[in-house]
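Asker: First, the structure itself, so that you have it in front of you.
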Amino acid sequence: MLKFIGIALVLFAGTMIGFVQAARYAARPKQIRHVLHALQRLETEISYGQTPLAQALDRIAGAVPPPISPLFKAIARALSNETARTGETVREIWEREIAGRWADTAMRAPEQEALLRLGSTLGASGREDQLKHIRLAMLQLQAEEATARDEQQRYEKLSRSLGALGAALIVILIV
């Protein structure tokens, strides 16, 4: 009886590992789309609203779902609080907050690099230059979204199957 419970637990754990990995493949393109939406809103805020960056990022955080919203919310909060106290630049705050919260997302290094490059120009250049860099980041993220969708189609079902089959192999080897 105990042996069957162990077999069931191994099969369940392996299958769940496969499903978690598949969920990450499914979440990545969705999260990239949310970041693209956030950057479109940021572009609008900068070009038409001429809103201060911290306030614009706070508004954007309210318009996108987690795990993207906490990222923008943390940057906005840090910009509001810390630049006045410590003299940290927008770039330093942007990089710190993205590095600290990146593990909460399903996105990968290319998306992070695009956002970090964008953060190095925000608040440090003129409005037109910032808009140009936002558009460039959006183009890079759109290319990554297409890649992520391809990977999702290719690997999502495979991950589920491998999780279950890997667990079955472990059970066969143990028994």
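Asker: List the number of the failed condition for Leu131; all other conditions in (1) open to solvent by 50 Å² or more (accessible area, probe 1.4 Å); (2) more than 30 Å from Tyr25 (Cβ to Cβ) hold.
Answerer: Here Leu131 meets the rest and fails (1).
Asker: Counting just the residues of region 115-135 that are without any contact (Cβ under 8 Å) to a residue 12 or more places away in the chain and in a helix (DSSP H, G or I), which one comes out nearest to the chain's Cα centre (by Cα)? If you could, list the steps in order and put the result at the bottom.
Answerer: Our first condition is that a residue be without any contact (Cβ under 8 Å) to a residue 12 or more places away in the chain; within region 115-135, this holds for 125-126, 128-129, 132.
Still in the running and in a helix (DSSP H, G or I): 128-129, 132.
Values: Glu128: 26, Asp129: 25, Lys132: 22 Å.
Residue satisfying both the conditions and the ranking: Lys132.
Asker: Okay, next question. Being within 24 Å of Glu128 (Cα to Cα) and either small (Gly, Ala, Ser) or without any contact (Cβ under 8 Å) to a residue 24 or more places away in the chain (or both) is true for just one of Glu95, Glu45. Which residue is that? Break it down stepwise before answering.
Answerer: Details: Glu95 fails: either small (Gly, Ala, Ser) or without any contact (Cβ under 8 Å) to a residue 24 or more places away in the chain (or both).
Unique residue meeting the criteria: Glu45.
Asker: I would also like to ask the following. Exactly one condition in (1) at pLDDT below 95; (2) over 30 Å from Ser161 (Cα atoms) is false for Met1; which is it?
Answerer: (2)
Asker: Go through region 100-114 and report how many residues are in contact (Cβ under 8 Å) with a residue 12 or more places away in the chain and among the aliphatic types (A, V, I, L, M).
Answerer: The total comes to 3.
Asker: Related question: Being farther than 14 Å from Met107 by Cα, among the acidic types (Asp, Glu) and within 18 Å of the chain's Cα centre (by Cα), is that true of even one residue in region 42-62?
Answerer: We begin by selecting, within region 42-62, every residue farther than 14 Å from Met107 by Cα; these are 42-62.
Next, only the ones that are among the acidic types (Asp, Glu) stay: 43, 45, 58.
Retained after the next criterion (residues that are within 18 Å of the chain's Cα centre (by Cα)): 58.
Taking every residue of region 42-62 in turn, at least one turns out to be farther than 14 Å from Met107 by Cα, among the acidic types (Asp, Glu) and within 18 Å of the chain's Cα centre (by Cα).
Asker: For region 141-166, name all the residues that are within 14 Å of Tyr25 (Cβ to Cβ), in contact with a Gly (Cβ under 8 Å, 6 or more places away or on another chain) and crowded, with 16+ Cβ neighbours inside 10 Å.
Answerer: Within region 141-166, Ser159, Arg160, Leu162, Gly163 qualify.
Asker: Also, I was wondering about something else. Name the one entry in Ala56, Ala61, Ala26 that is touching a Lys or Arg at 6+ places or on another chain (Cβ under 6 Å) and touching a residue at least 12 places away in the same chain (Cβ under 8 Å).
Answerer: Details: Ala56 fails: touching a Lys or Arg at 6+ places or on another chain (Cβ under 6 Å); Ala26 fails: touching a Lys or Arg at 6+ places or on another chain (Cβ under 6 Å).
Of the residues listed, the single one that is touching a Lys or Arg at 6+ places or on another chain (Cβ under 6 Å) and touching a residue at least 12 places away in the same chain (Cβ under 8 Å) is Ala61.
The values are calculated or read from the model by the stated rules, or taken from the named source; none is laboratory data. Please read these numbers as outputs of a predicted model, since none were measured by experiment. Positions of Cβ are backbone-derived with ideal geometry, glycine not excepted, and every protein chain shown enters the neighbour counts. Side chains included, ligands, DNA and RNA excluded: accessible areas come from the protein's heavy atoms. Shrake-Rupley method; radii C 1.70, N 1.55, O 1.52, S 1.80 Å.
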